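The values are calculated or read from the model by the stated rules, or taken from the named source; none is laboratory data. In this text the structure is predicted, and so the values were computed from the model without any measurement. Here the Cβ positions follow ideal geometry from the backbone for every residue, glycine too, while neighbour counts run over all protein chains shown.
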Amino acid sequence: MPSQGWLLVLLALFAGGLVLAAGRILMGLRRKPADLERQRRTRLASLGRPVDGQVTDLEGDLIHYTYSVHGAVYTASQDISTMGDRVPRDSSRVVGPATVRYWVRNPANSIIICETWSGVRVRDPQPGSPSQNLNTGDQTLNEETA
């Protein structure tokens, strides 16, 4: 029969192993920043309040836009690198009116596009032709034809 000292050492090693295993499991369950951002965009797409906005610029993987809520004007940008080809890279087709969704309790928290919704209205390169909303495919008129 082993002495009590060895038994305590074995018990301590076993408990330490359990603590390490539990820590490893918990670290694996922690959400990655990309997953948290996707979850934020999805929540805003489904629960956010829509408001008229304006795409002001498209540079690289950033789309810049403005919108106003209760007289306060917000200027924001969104990384669209994960949106693939959902937004044309030609800024002349994207700059203009758009729909923005924002969180009512924090109007600065907003999106203009996500995996399931888009407020970007892509215009046909020819003047006077209808533009197309990426979200629904609904036809809307350009400013030139209005």
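Applying the criterion of being of a type in the set (A, V, I, L, M, F, W, C) and farther than 12 Å from I80 by Cβ to the residues of segment 104-124, the residue that is surrounded by the most Cβ atoms within 10 Å (Cβ to Cβ) is W117. Could you say which residue among G84, G16 is among the small types (G, A, S) and more than 30 Å from R123 (Cα to Cα)? The conditions single out G16. Counting only strands (runs of 3 or more DSSP E) that fall entirely inside segment 38-130 and contain at least 1 residues that are modelled with pLDDT of 95 or more and among the aromatic types (F, W, Y), the qualifying elements are 62-69, 72-79, 96-103.
Please work out if D35 is within 24 Å of the chain's Cα centre (by Cα), among the acidic types (D, E) and assigned to a strand (DSSP E or B). Spelling it out, it is not the case that D35 is within 24 Å of the chain's Cα centre (by Cα), among the acidic types (D, E) and assigned to a strand (DSSP E or B).
Restricting attention to segment 42-60, the residues that are more than 16 Å from V104 (Cβ to Cβ) and under 13 Å from the mean Cα position of the chain (by Cα) total 1.
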